[in-house]
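One structure below.
The values are calculated or read from the model by the stated rules, or taken from the named source; none is laboratory data. Predicted, not measured: the structure shown is a model, and the values here were computed from it. Please note: Cβ atoms are built from the backbone with ideal geometry, for glycine as well, and neighbour counts cover all protein chains shown. The protein model used for the area step is the full one, side chains on, heavy atoms only, and it has no ligands, DNA or RNA in it. Shrake-Rupley method; radii C 1.70, N 1.55, O 1.52, S 1.80 Å.
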Amino acid sequence: MASSTTAPGPAGPVTTSTALIRRVTEKNRSRLVTLVPLVVLVGLILVVALRQPNFLNITSVRGLLESMAPILLLAIGQMFVILTGGIDLSFAVTASFGTVLLALWIPMMGPGGVLLMLAALALIGFINGYVVAVAQVPSFIVTLGSLGLYTGLGLWVSGASTIRISEGFEALSWLADARVAQLPLVGVLSIALAVIVAVAMWALNRGRSLHAMGLAEPAVLMSGVSTRRLRVLAFTLCSLFAGFAAIALAAAQRSGGPTLADTLQLPAIAAVVIGGTAITGGVGGAIKTLIGALIIVVLRVGLTAMGVDPAYEQIVYGAVIILAVALTIDRSRLRSIK
């Protein structure tokens, strides 16, 4: 009896070793997920530069930043939702709807129309988040409904056609025409926003809570933080950044359209997951998303350089999303795959 209580059992050392191996494996996997996107980006740049020697000149870099800006802004917004473990399927359609609102409101209100559009899109995100958090409806279902709703609204209010912004375009032209060190202002501002978001999420409690919520929501609840408010905040920020993307698109196209941003849905989600943000939530950030967005736009240039028809790009983005999730997903946190 005495020996059974004093002698160490064989399960103790084995359990300790298993836990140690698991921690080391998880640490190595985390380092790999952080480094791989950067290595892929550098590799892609080298490959494209070898195939297209003028790829790194100022004109090409300018075009690359201009095409990256709306993808990066949409991806940063989606990142907030994915960090909480959810997804917003309506963010690209919301951006398209935002360009229609800009085309309708700017001629009447000037810069006031821009602010009103941002407020309207933030309200859309707030409603999505409120339904998900309070009515306990899965984000996939809520935003799938929103996707249909705002697609229809955009087609209705625009008459299913592109609306040219002629009167009052000064409210957006400064963004399309301005340069910083020969680089487009819209690209520089989108990168600056990514850095600001990264710093804010590192410095603010709510930013750290968004990560914690994706990793262990019950623990965040027990610490006294409202997970409902965090979820509503994530969806609101997602739609607000869709509004920023709408501004970039409307300024570049000098028009608004009910499907203007729809084709950016897959590239933006691909930018989030390929940058290293875990689809299960809790792991990721704005700098990772910036790297992911750069990979996507360099990949687009590379596909064009190789003569791939732009119509096939969506196939590549879909394959990239599946591959990135398969390589980065933390299966230990999933009870089952459905």
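Restricting the search to the stretch 167-196, which residues are within 20 Å of L249 (Cβ to Cβ), in contact (Cβ under 8 Å) with a residue 12 or more places away in the chain and among the aliphatic types (A, V, I, L, M)?
A171, L172, L175, A176, L183, V186, V188, L189, I191, L193, A194
For the stretch 105-153, how many residues are over 14 Å from G243 (Cα atoms) and either of a type in the set (S, T, N, Q) or under 22 Å from the mean Cα position of the chain (by Cα) (or both)?
22
Within the stretch 203-228, track down each residue that is part of a helix (DSSP H, G or I) and free of Cβ contacts under 8 Å to residues at least 40 places away in the same chain. Give the derivation first.
Of the stretch 203-228, the ones part of a helix (DSSP H, G or I) are 203, 205-215, 217-222, 227-228.
A203, N205, R206, G207, R208, S209, P218, A219, V220, L221, M222 - these are the residues of the stretch 203-228 that are part of a helix (DSSP H, G or I) and free of Cβ contacts under 8 Å to residues at least 40 places away in the same chain.
Looking only at the stretch 275-290, which residues are part of a helix (DSSP H, G or I) and within 12 Å of A324 (Cβ to Cβ)? Walk me through it before giving the result.
Narrowing the stretch 275-290 to residues part of a helix (DSSP H, G or I): 286-290.
Across the stretch 275-290, the qualifying residue is only K288.
Find all pairs meeting these conditions: Cβ atoms under 7 angstrom apart; at least six residues apart or on different chains; first residue within the stretch 282-304 and open to solvent by 10 Å² or more (accessible area, probe 1.4 Å); second residue at pLDDT below 90 and outside any helix (DSSP H, G or I).
Once the first residue is open to solvent by 10 Å² or more (accessible area, probe 1.4 Å) and sits in the stretch 282-304, its partners that are at pLDDT below 90 and outside any helix (DSSP H, G or I) give V283/T277; G284/G276; G284/T277; G284/A278; K288/G275; K288/G276; K288/T277; I291/G275.
Could you pull out the residue among A246, A251 that is under 17 Å from the mean Cα position of the chain (by Cα) and open to solvent by less than 10 Å² (accessible area, probe 1.4 Å)? Spell out the reasoning first.
Details: A251 fails: under 17 Å from the mean Cα position of the chain (by Cα).
Among A246, A251, only A246 is under 17 Å from the mean Cα position of the chain (by Cα) and open to solvent by less than 10 Å² (accessible area, probe 1.4 Å).
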